[in-house]
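Asks: Starting off with a structure, shown below.
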Amino acid sequence: MISCMNKQNVNHKSSVKQKKTTHDSIQPELIEEKIATTISEPFKVTDIDRLEFTSGSGKKIDQHIQCDSSKNGFYGSYNLIDSNYSDKIGRPIGGTITIHSNKEMLNWKSTDTDQTIWEIHLKSNVISVWDSIKVGLPRFKVEKFGKVNNGRCIKKGEDYYSCDFNNFSAVYLFKKDTLSELTVTRKCNKN
């Protein structure tokens, strides 16, 4: 007998995520393994003091109302000054960093080490997040960052793109394939 099978070993790489089968008492089901990402903090809170900013009063962050880590304390914000940028009403505010602190607002200082960054919203290149993503980058570099860091990224329109990195989410807005605005938000555990 002659076999028509090719005996060559071919190693195909696949972009499909590995699935595992789990069995329950009724029927087996396939569950896609969750992509693990260990992306770092988007910006170091210790670097805030070196920026030019004005501080703002507390602010309610709707998606963090029931966070187990933010029941006490307050949310404060830093308006980042960018002399090369002007918003719709002429202010040089290129971005905002929103923090949470367990202290009282009355004693809040930019040098406090207990601050946790909850959200960064940027309209200018006043700072970069994750040391590489900033307003003005071409779309392909932002998309590459999402892939390299195992983000679950979705293009939600021609100018709107979002990524989930397990502990952070990022929303990117583009104009003519150039990043024009971005928001990075920390996720939290609910009660």
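Asks: Restricting to the range 59-104, and then to whatever is modelled with pLDDT under 85 and more than 20 Å from Lys187 (Cβ to Cβ), can you tell me which residue is nearest to the chain's Cα centre (by Cα)?
Replies: The extreme case among them is Lys103.
Asks: Can you name every residue in the range 147-169 that is closer than 17 Å to Ser40 by Cβ and touching a residue at least 24 places away in the same chain (Cβ under 8 Å)?
Replies: Once the filter is applied, which keeps residues that are closer than 17 Å to Ser40 by Cβ and touching a residue at least 24 places away in the same chain (Cβ under 8 Å), the range 147-169 yields Asn149, Asn150, Gly151, Phe165, Asn166, Asn167, Phe168.
Asks: So, in the range 158-169, exactly how many residues are of a type in the set (D, E, K, R) and either within 16 Å of the chain's Cα centre (by Cα) or surrounded by 13 or more Cβ atoms within 10 Å (Cβ to Cβ) (or both)? Spell out the reasoning first.
Replies: Of all residues in the range 158-169, those of a type in the set (D, E, K, R) come to 158-159, 164.
Filter once more, keeping what is either within 16 Å of the chain's Cα centre (by Cα) or surrounded by 13 or more Cβ atoms within 10 Å (Cβ to Cβ) (or both): 159, 164.
Matching residues across the range 158-169 total 2.
Asks: Of the conditions (1) modelled with pLDDT of 95 or more; (2) over 19 Å from Arg186 (Cβ atoms), Asp49 fails just one. Which one is it?
Replies: (1)
Asks: Which count do you get for residues in the range 170-191 that are touching a helix residue (DSSP H, G or I) at 6+ places or on another chain (Cβ under 6 Å) and either free of Cβ contacts under 8 Å to residues at least 60 places away in the same chain or exposed (fewer than 12 other Cβ atoms within 10 Å of the Cβ) (or both)?
Replies: Keep residues of the range 170-191 that are touching a helix residue (DSSP H, G or I) at 6+ places or on another chain (Cβ under 6 Å), which gives 172, 174, 177, 179, 188.
Narrowing the set further to residues that are either free of Cβ contacts under 8 Å to residues at least 60 places away in the same chain or exposed (fewer than 12 other Cβ atoms within 10 Å of the Cβ) (or both) leaves 172, 174, 177, 179.
Counting residues in the range 170-191 that are touching a helix residue (DSSP H, G or I) at 6+ places or on another chain (Cβ under 6 Å) and either free of Cβ contacts under 8 Å to residues at least 60 places away in the same chain or exposed (fewer than 12 other Cβ atoms within 10 Å of the Cβ) (or both) gives 4.
Asks: Out of the residues in the range 101-118 meeting the condition of being in a strand (DSSP E or B) and touching a Phe, Trp or Tyr at 6+ places or on another chain (Cβ under 9 Å), tell me which one is nearest to Phe168 (Cα to Cα). Don't jump to the end; show me each part of the working.
Replies: Looking only at the range 101-118, we keep the residues that are in a strand (DSSP E or B), and these are 101, 116-118.
From what is left, the residues that are touching a Phe, Trp or Tyr at 6+ places or on another chain (Cβ under 9 Å) are 101, 117-118.
Values: Ser101: 18, Ile117: 11, Trp118: 9 Å.
In this case the residue turns out to be Trp118.
Asks: Could you list, in sequence order, the residues of the range 146-175 that are part of a strand (DSSP E or B) and more than 20 Å from Gly136 (Cβ to Cβ)?
Replies: First, pick out the residues of the range 146-175 that are part of a strand (DSSP E or B): 152-155, 160-164, 168-175.
Scanning the range 146-175 gives Arg152, Ile154, Asp164, Phe168, Ser169.
Asks: For Lys155, indicate whether it is more than 20 Å from Gly56 (Cα to Cα), in contact with a strand residue (DSSP E or B) (Cβ under 6 Å, 6 or more places away or on another chain) and surrounded by fewer than 17 Cβ atoms within 10 Å (Cβ to Cβ).
Replies: Values: more than 20 Å from Gly56 (Cα to Cα): yes; in contact with a strand residue (DSSP E or B) (Cβ under 6 Å, 6 or more places away or on another chain): yes; surrounded by fewer than 17 Cβ atoms within 10 Å (Cβ to Cβ): yes.
Against the criterion (more than 20 Å from Gly56 (Cα to Cα), in contact with a strand residue (DSSP E or B) (Cβ under 6 Å, 6 or more places away or on another chain) and surrounded by fewer than 17 Cβ atoms within 10 Å (Cβ to Cβ)), Lys155 qualifies.
Asks: Could you list, in sequence order, all residues of the range 149-189 that are touching an Asp or Glu at 6+ places or on another chain (Cβ under 6 Å) and not hydroxyl-bearing (Ser, Thr, Tyr)? So that I can check it myself, show each step before the final result.
Replies: Applying the first criterion (touching an Asp or Glu at 6+ places or on another chain (Cβ under 6 Å)) to the range 149-189 yields 152, 173-174, 185, 189.
Correct list: Arg152, Leu173, Phe174, Asn189.
Asks: Can you confirm whether the range 121-136 contains a residue that is without any contact (Cβ under 8 Å) to a residue 40 or more places away in the chain, farther than 28 Å from Ser83 by Cβ, assigned to a loop (DSSP other than H, G, I, E, B) and within 13 Å of the chain's Cα centre (by Cα)?
Replies: Within the range 121-136, not a single residue is without any contact (Cβ under 8 Å) to a residue 40 or more places away in the chain, farther than 28 Å from Ser83 by Cβ, assigned to a loop (DSSP other than H, G, I, E, B) and within 13 Å of the chain's Cα centre (by Cα).
The values are calculated or read from the model by the stated rules, or taken from the named source; none is laboratory data. Owing to the predicted nature of the structure, the values given are computational and were not obtained by experimental measurement. In this analysis, Cβ positions are derived from the backbone assuming ideal geometry, glycine residues included, and neighbour counts consider all displayed protein chains.
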